[in-house]
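Notes follow the structure.
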Amino acid sequence: MSLPESVSLRSFERISPTYASVSSSSLGSSRPLRSCTSVATRTMKFRNGGALRLCCSDSNHSAPLPSTTATSTGSAPPVLKKKKRYRREYPGESKGITEELRFVAMRLHNVSGKKLSGDAVDSSSEVEVEEKDDGNLVLSDDDNDEDGDGTQTWQPSLEGFLKYLVDSKLVFSTVELIVDESSDVAYSYFRKSGLERSECLEKDLEWFSAQGIVIPDPTSSGISYAKYLEELAERSAPLFLSHYYNINFSHIAGGQVIAKQVSERLLEGRKLEFYTWEEDAEELLKNVREKLNMLGEHWSRDEKNKCLREAVKSFRFLGEIVRLIIL
């Protein structure tokens, strides 16, 4: 295609992606055209009906495009991804809240007369009941350390054991009443669990009374714990359930040692109802454990941490009641 004589373009020169110039006898001298995102077009019509469309850009409205040479020869700096920090898990957290409670109990536990230290627990708050090779009861007690190893051998007394039973009945009755009558749906999972002990304790106390033995009133230890449980149940279901689990766990785990010693030394081999379950106690506790873990999945980390602190309080209250056996 040839241009008309009236418009004779000498040349089109392409000098760079950033600048372009057009030399023409009709357009005058060459001038740079800056490329940009905002493009203006100009159409030149010729005598034969043809047209030449010229594109130019306005440098006042946009910045020059980056050089293709830099793009082809260089590379963009790598994008540094911010490392995601994960919270450190608590011992037993992956298995459920009851496993976390078990670790708290382990920290409180006595091993060869030496208490294990823990970050979140006060190891001095626990009274551990163990059985030595000679058949005597051993209770961990730093205040009454005869051998210097944190333990002292105690002989159970009938008077002290009756106080222990009376306070235990008060605690279990309080727990069962809260679980049965509370409108909180969380407590309903633990009704008729098979771990209820208040009726069994009532039968045992009736038997002692039939033997002519005077049944004492609850001590300040039992009354204080029962009152604390009532207030806690109104304030927080997770915290109360921490006590609920530890009360039953402690009774099943440590109660067998107490039952054996008291039966042999004070009751001529009689087995009390307090230590008898209609079904396997470990299986009953397992069912409670599964339900509590299920509920614990919906608790915040802060609520779980408070449950662990309540576990320490639970062992402290229970320890005071166990001490009644040897006082």
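The values are calculated or read from the model by the stated rules, or taken from the named source; none is laboratory data. Since the structure is predicted, the reported quantities are computational estimates derived from the model, not experimental observations. In this analysis, Cβ positions are derived from the backbone assuming ideal geometry, glycine residues included, and neighbour counts consider all displayed protein chains. When the accessible area is computed, the model is the full protein with side chains, heavy atoms only, and any ligands, DNA or RNA have been set aside. Shrake-Rupley method; radii C 1.70, N 1.55, O 1.52, S 1.80 Å.
Residue check: is ALA226 under 28 Å from the mean Cα position of the chain (by Cα), modelled with pLDDT of 95 or more and closer than 30 Å to GLU99 by Cβ?
Yes; evaluated as a whole, the condition is true for this residue.
Restricting the search to segment 258-290, which residues are open to solvent by less than 80 Å² (accessible area, probe 1.4 Å), touching a residue at least 24 places away in the same chain (Cβ under 8 Å) and assigned to a helix (DSSP H, G or I)?
ILE258, GLN261, VAL262, GLU273, PHE274, ALA281, LEU284, LEU285, ASN287, VAL288, ARG289
Of all residues in segment 201-210, how many are surrounded by 17 or more Cβ atoms within 10 Å (Cβ to Cβ) and within 43 Å of the chain's Cα centre (by Cα)?
3
Of (1) modelled with pLDDT under 95; (2) polar (S, T, N, Q); (3) open to solvent by 40 Å² or more (accessible area, probe 1.4 Å), ASN305 satisfies all except one. Which?
So the condition that ASN305 fails would be (3).
Do we have any residue at all in segment 214-236 that's touching a strand residue (DSSP E or B) at 6+ places or on another chain (Cβ under 9 Å) and closer than 19 Å to PRO156 by Cα?
No: zero hits.
Could you please let me know if SER221 is small (Gly, Ala, Ser), open to solvent by less than 60 Å² (accessible area, probe 1.4 Å), farther than 25 Å from TRP299 by Cβ and assigned to a helix (DSSP H, G or I)?
When the stated conditions are applied, SER221 passes them.
Being under 22 Å from ASP204 (Cβ atoms) and free of Cβ contacts under 8 Å to residues at least 24 places away in the same chain is the filter; apply it to segment 160-192 and report the residue that is most open to solvent (accessible area, probe 1.4 Å).
LYS192
Taking PHE240 and the conditions (1) out of contact with any Leu (no Cβ under 6 Å at 6 or more places or on another chain); (2) part of a helix (DSSP H, G or I), which numbered condition does it fall short on, given that it satisfies the others?
PHE240 satisfies every listed condition except (1).
Report, by residue number, each residue of segment 291-327 that is outside any helix (DSSP H, G or I) and either under 17 Å from ALA226 (Cα atoms) or of a type outside the set (A, V, I, L, M) (or both).
Listed by number, the residues that qualify are GLU297, HIS298, TRP299, SER300.
Out of SER157, SER140, report the one residue that is within 21 Å of LYS260 (Cα to Cα), modelled with pLDDT under 80, among the small types (Gly, Ala, Ser) and open to solvent by less than 60 Å² (accessible area, probe 1.4 Å).
The conditions single out SER140.
Looking only at segment 248-260, decide whether some residue is basic (Lys, Arg) and in contact with an Asp or Glu (Cβ under 9 Å, 6 or more places away or on another chain).
The answer is yes; a qualifying residue exists.
Within segment 143-150, identify whether any single residue is open to solvent by less than 30 Å² (accessible area, probe 1.4 Å), at pLDDT below 95 and either over 18 Å from SER224 (Cα atoms) or over 26 Å from the mean Cα position of the chain (by Cα) (or both), and answer yes or no.
yes
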